[in-house]
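Shown next, in structure tokens, is the structure this report addresses.
The values are calculated or read from the model by the stated rules, or taken from the named source; none is laboratory data. Keep in mind that this is a model prediction, so the values were computed, not measured. Cβ sites come from the backbone with ideal geometry, for glycine too, and all protein chains shown count toward neighbours. Only protein heavy atoms, including side chains, enter the accessible area calculation; ligands, DNA and RNA are left aside. Shrake-Rupley method; radii C 1.70, N 1.55, O 1.52, S 1.80 Å.
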Amino acid sequence: MQSNRWLLPEGVQEMVPPESWRLEAARRQLLDLYWRWGYDLIRPPLIEYLDSLLTGAGHELDLQTFKLTDQLNGRMMGVRSDMTTQATRIDAHRLQAVGPARYCYIGSILRTRPEEPGGSRSPLQVGAEKFGDAHIDSDLEIVSLMLETLTLMGIDNACLDLGHVAIYRRLVAHADMPADLEPQLFDVIQRKSRPDLDSMAAAGRIDAQSHTRFQQLIELNGEPGVLAQARDALAGIDAEIDAALERLGEMIDLLATHYPQVPLFLDLAELRGYRYKTGLLYAAFAPGLGRELARGGRYDDVGATFGRPRPATGFSADLNLLAALGRFDPETRRGGIHAPPGSDPELLASVRRLRSAGERVIVATPGANDPLGDDCDRVLEFIDGRWDVRPLETKV
């Protein structure tokens with residue numbers, strides 16, 4: 001047991017140099033990107049009371065949330081496993097913006113289990129949310145910012161999946177099935193399991209017409225031409241389905257104009273976030289990677305649970321994953337300057353001046369074996385009556 005004392009919990013990572021510096025450089029550049037797009041930084045708390053943290057969108061996250069008791073008052077608290085609900089609360093209560101409002105965030109979250117086998121339980125979540133506008137241009141803005149995030153991280157081969165939760169939701173409403181059957185159907189649709197769907201129909205749990213419609217839904221995935229097939233199969237069933245198909249068509253046209261180089265795919269059976277999402281869904285993937293790079297969607301009126309219903313759309317990603325998969329290369333910094341120890345006022349002034357100018361100055365440790373190593377390419381020396389920086393190869 002002694003040998004296992006320093007092991008981290010499964011799915012929990014730590015970062016050490018130089019990768020931690022690379023990640024920090026990415027964080028800074030992403031925040032600069034979001035600032036240029038007009039997004040204001042918020043920093044939600046790591047822990048909140050459960051009745052706030054799991055309100056609205058948070059119900060989806062109940063099983064993913066670590067829970068504990070506040071020793072001051074006995075109330076139940078949770079460690080955040082996603083920051084979307086927190087952004088909604090901040091918009092509704094703290095800021096109460098009138099009209100469109102844009103927020104971004106970067107911070108650690110914690111989950112009770114990874115979203116995929118071998119995945120992280122401690123992602124570094126980065127994301128952006130836009131509140132107060134239901135127009136498709138806001139969805140385009142969020143999708144664009146998601147794609148720009150991937151580009152900044154050196155991921156230039158991403159493809160984009162689009163979907164819309166209203167299609168499945170309205171098909172379920174027309175199926176008129178018992179409420180306790182819907183979770184089973186949802187699981188079948190998410191797995192795209194035709195045999196299980198056929199078994200449900202054979203057992204009389206869904207009617208023949210609904211069986212056909214859900215079969216079609218499972219098969220409606222592929223390149224944008226699938227939208228024409230979806231219209232042929234599903235148009236006229238419900239006005240909300242027709243509107244959803246129309247909205248998908250609009251988004252496909254907009255993305256073809258703004259990002260013609262990004263491959264687009266439709267998947268009308270992809271329903272991640274279904275319980276609180278209300279409209280378009282979008283997710284970015286990379287070839288050969290069996291999980292999302294980033295995802296988002298529209299979740300109008302989730303803020304109603306905080307007393308302030310507002311249109312909303314947003315995306316999020318794990319910055320740790322993006323840094324691991326991307327080719328993000330921060331601006332190369334110069335090597336450090338090795339300085340001798342001492343209390344000479346001119347030496348101390350030189351060190352302060354160099355650090356103020358942005359240089360990395362490493363002062364030697366007195367009496368220790370403190371080799372220059374690869375971190376320093378220059379040395380601060382007293383030559384000809386003054387302290388001067390010289391390249392290591394000319395050290396005298």
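Before moving on, here are some points about what is shown:
- Restricting E116, E141 to those that are charged (D, E, K, R), over 12 Å from the mean Cα position of the chain (by Cα) and more than 22 Å from R80 (Cβ to Cβ) reduces the list to E141.
- Among the residues of region 187-212, those identified as touching a residue at least 60 places away in the same chain (Cβ under 8 Å) and touching a helix residue (DSSP H, G or I) at 6+ places or on another chain (Cβ under 8 Å) are I189, K192.
- Check on D329, surrounded by fewer than 18 Cβ atoms within 10 Å (Cβ to Cβ) and at positive phi: no
- Filter pass, G107 being modelled with pLDDT under 95, more than 21 Å from L280 (Cβ to Cβ) and surrounded by fewer than 21 Cβ atoms within 10 Å (Cβ to Cβ): no
- Which listed residue, of A208, A203, A235, A179, is of a type in the set (A, V, I, L, M), open to solvent by 40 Å² or more (accessible area, probe 1.4 Å), modelled with pLDDT under 95 and in contact with an Asp or Glu (Cβ under 7 Å, 6 or more places away or on another chain): A235
- Residue satisfying all of: in region 101-126; among the hydrophobic types (A, V, I, L, M, F, W, C) and part of a loop (DSSP other than H, G, I, E, B); nearest to L23 (Cα to Cα) among these: I109
- Subset of region 148-165 [open to solvent by 10 Å² or more (accessible area, probe 1.4 Å) and assigned to a helix (DSSP H, G or I)]: E148, T151, L152
- Considering the conditions (1) touching a residue at least 12 places away in the same chain (Cβ under 8 Å); (2) farther than 28 Å from R28 by Cα; (3) part of a loop (DSSP other than H, G, I, E, B), L63 is excluded by exactly one of them, (3).
- Members of region 347-361 found to be open to solvent by less than 50 Å² (accessible area, probe 1.4 Å) and either among the hydrophobic types (A, V, I, L, M, F, W, C) or in a helix (DSSP H, G or I) (or both), listed by number: L347, A349, S350, V351, L354, V361
Per-residue answers, yes or no, for (1) loosely packed, with under 15 Cβ neighbours inside 10 Å; (2) closer than 21 Å to L266 by Cβ; (3) under 32 Å from the mean Cα position of the chain (by Cα); (4) not aromatic (F, W, Y):
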| site | (1), (2), (3), (4) |
| --- | --- |
| V188 | no, yes, yes, yes |
| D198 | yes, no, no, yes |
| Q215 | no, yes, yes, yes |
| A228 | yes, yes, yes, yes |
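- Matching residues, region 242-278, being at pLDDT below 95, open to solvent by 50 Å² or more (accessible area, probe 1.4 Å), touching a strand residue (DSSP E or B) at 6+ places or on another chain (Cβ under 8 Å) and not hydroxyl-bearing (S, T, Y): E270, R272
- Evaluation of T85 against (1) surrounded by 19 or more Cβ atoms within 10 Å (Cβ to Cβ); (2) farther than 23 Å from G11 by Cβ; (3) modelled with pLDDT under 95 (one fails), failing number: (2)
- In region 74-89, the residues that are without any contact (Cβ under 8 Å) to a residue 60 or more places away in the chain form Cβ pairs under 9 Å with partners that are among the polar types (S, T, N, Q) and open to solvent by less than 10 Å² (accessible area, probe 1.4 Å), at six or more places apart or across chains, as follows: G78/T65; V79/T65; R80/T65; R80/Q86; R80/Q125; S81/T65.
- Filtered residue count, region 229-268, keeping only those that are within 28 Å of D156 (Cβ to Cβ) and assigned to a loop (DSSP other than H, G, I, E, B): 6
- Qualifying residue in region 49-60 (condition: at pLDDT 90 or above, out of contact with any helix residue (DSSP H, G or I) (no Cβ under 6 Å at 6 or more places or on another chain), part of a loop (DSSP other than H, G, I, E, B) and not aromatic (F, W, Y)): no
- Residues in region 22-34 that are in contact (Cβ under 8 Å) with a residue 12 or more places away in the chain and either more than 23 Å from D82 (Cβ to Cβ) or of a type in the set (G, A, S) (or both): 4 in all.
- Among the residues listed as G38, G11, G78, the single one being open to solvent by less than 50 Å² (accessible area, probe 1.4 Å), at pLDDT 95 or above and on the phi > 0 side of the Ramachandran plot: G38
- Residues of region 279-326 that turn out to be assigned to a helix (DSSP H, G or I) and either open to solvent by 10 Å² or more (accessible area, probe 1.4 Å) or of a type in the set (D, E) (or both), as a count: 8
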